[in-house]
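A.B. asks: The structure is given below, and queries will be raised subsequently.
The values are calculated or read from the model by the stated rules, or taken from the named source; none is laboratory data. As the structure is a prediction and not an experimental result, all values here were calculated from the model. Cβ atoms come from the backbone with ideal geometry, glycine included; neighbour counts cover every protein chain shown. Keep in mind that these areas ignore ligands, DNA and RNA; they rest on the heavy atoms of the full protein, side chains included. Shrake-Rupley method; radii C 1.70, N 1.55, O 1.52, S 1.80 Å.
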Amino acid sequence: MSTTLSSSPSPASGPEAVAVAAERRWAVVVVLIIALLIAMMVITGLHWASMPPSRVETVDVKSLHLRGEFVESNLGTTIEPDGSATVRLIAQQYDFVPHCVSVPVGTPVKFRLTSADVVHGFLLPNTNVNTMAVPGFVAEVRTSFAQPGEYEMPCHEFCGLGHHAMWAHVSVVPKDRFPAQGPLERTSCATE
Ligand code: CUA
């Protein structure tokens, strides 16, 4: 009798016990949700911290010349089906390949470049084009040229003894002077 009349009965059974068990279950669920959210923050934070800035694409620098987007036959300017131009380049000590690229005037131009050795810079004065070429990563810059003309393209990251001589050219030509090309042909002015 004395136990049943206790002032603080243990809620071992009855509706009170059901309520306590339900509360405990929900507490566990809430703790699990909070733990999941914290885990997601930590994982995405570490993932972002380990990615290159602006999440540029990566490329295998060891097979750059052998296969993939930056094989020699794919370097230079290509006209996409939508009429825009894509220019692919490799920067290496101490030149850009191709050394001279030509693009049509008044056309959206997308430069895609990477480096075969060390960090180089890619700059077109008086345009928005200014990026680094980092081995292992693809840099992509979009621009367009309103006037025909010749642009000097200096390397602006110190890359070794020949850095000061590392220049290339962009030749912006009238649309009717830009050669028609097949889908596998690439245009450059490197030999002109
Ligand atoms: Cu390449 Cu400086």
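A.B. asks: So which cysteines of the chain have no other cysteine's Cβ under 4.7 Å from theirs?
C.D. replies: Cys155, Cys159, each lacking another Cys Cβ under 4.7 Å.
A.B. asks: Once the Cα atoms of helix 15-49 and of the chain are each reduced to a long axis, what angle between those two axes, in degrees from 0 to 90 to the nearest 10, is obtained?
C.D. replies: 20
A.B. asks: Same structure, new question: I'd like the FRET efficiency for Met40 and Glu150, computed as 1/(1 + (r/R0)^6) with the beta carbon distance as r and R0 of 41 Å, rounded to 0.05.
C.D. replies: Plugging the Cβ-Cβ distance into 1/(1 + (r/R0)^6) gives 0.20.
A.B. asks: Taking N as the number of residues in segment 84-192, what value does Rg over Cα atoms divided by 2.2 N^0.38 Å take?
C.D. replies: 1.02
A.B. asks: Pop the C-beta distance of Glu185 and Asp60 into the FRET formula with R0 = 25 Å and round what comes out to the nearest 0.05.
C.D. replies: About 0.50, to the nearest 0.05.
A.B. asks: For Leu123 and Arg24 in one chain, what is 0.36 nm times their gap in residues minus the Cα-Cα distance, to one decimal in nm?
C.D. replies: Full extension from Leu123 to Arg24 adds 29.4 nm.
A.B. asks: Continuing with this model, one more query. Starting from the eigenvalues of the Cα gyration tensor, five times each then square-rooted, give me the equivalent ellipsoid semi-axes of the chain, largest first, whole Å.
C.D. replies: 64, 19, 14
A.B. asks: Next question. Charges at C-beta only: +1 for Lys and Arg, -1 for Asp and Glu. How large is the resulting dipole of segment 114-192 about its Cα centre, in Debye rounded to 20?
C.D. replies: 180
A.B. asks: Still on this structure: Under a 1.4 Å probe, what is the accessible area of the chain per residue, stated in Å²?
C.D. replies: Each residue of the chain exposes 62 Å² on average to a 1.4 Å probe.
A.B. asks: Moving on. Just want the answer: with Cβ charges of +1 for Lys and Arg and -1 for Asp and Glu, which residue in Ala139, Thr107, Val129 is farthest toward the dipole's positive end in the chain?
C.D. replies: Highest projection toward the positive end goes to Ala139.
A.B. asks: Could you look at the chain and say what percent of its accessible area is carbon and sulfur, using a 1.4 Å probe and all protein chains?
C.D. replies: 62
A.B. asks: What nm distance separates the two modelled labels at Ser73 and His47, each placed 7 Å from Cα along Cα→Cβ?
C.D. replies: 3.7
A.B. asks: Same structure again: Under a Cβ-only charge scheme (Lys and Arg +1, Asp and Glu -1), can you give me the dipole magnitude of the chain about the Cα centre, in debye to the nearest 20?
C.D. replies: So the dipole magnitude of the chain works out to roughly 480 debye.
A.B. asks: Can you give me the distance in nm between label points at Lys175 and Phe158, each placed 7 Å from the Cα along the Cα-to-Cβ direction?
C.D. replies: Reported label-point gap for Lys175 and Phe158 is 4.5 nm.
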